[in-house]
Amino acid sequence: MEYEGILLVPLIMGIVELAKHIGMPKRYGSLLSTVIGIIFGMLYLYPEDLKKGFIFGLVIGLTGPGLYTTAKNTIQQLRKK
């Protein structure tokens, strides 16, 4: 996993945002991101090693919501000042 994993993070974030706009409740966004990350990790990044794919997919799936939350909180703090 060189650049492919990093490039999957914004793709997963986009898929989750699309699902929210379609009607999925926002509270399921992190769960969907994690599941999609695991699927990409196991089927795309490391199809030959499912354990490795699961772990890297989990990391990729959890990175998206963390990045989104951090950016949102930073912007809110900057707007207050």
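Every number here is computed from the coordinates shown, using simple stated rules; none is lab data. The model shown is predicted, which means the values in this text are computed figures rather than measured ones. Note that each Cβ is placed from the backbone with ideal geometry, even for glycine, and that neighbours are counted across all protein chains shown.
Taking only segment 20-56 into account, find how many residues are under 18 Å from Thr69 (Cβ atoms), in a helix (DSSP H, G or I), without any contact (Cβ under 8 Å) to a residue 12 or more places away in the chain and among the hydrophobic types (A, V, I, L, M, F, W, C).
Of the residues in that region, 1 qualify.
For segment 22-81, give me the residue count where each residue is of a type in the set (S, T, N, Q) and either surrounded by fewer than 16 Cβ atoms within 10 Å (Cβ to Cβ) or more than 11 Å from the chain's Cα centre (by Cα) (or both).
6
Could you check segment 12-21 and list, in sequence order, the residues that are closer than 15 Å to Ile60 by Cβ and surrounded by fewer than 19 Cβ atoms within 10 Å (Cβ to Cβ)?
Passing the criteria: Met13, Gly14, Ile15.
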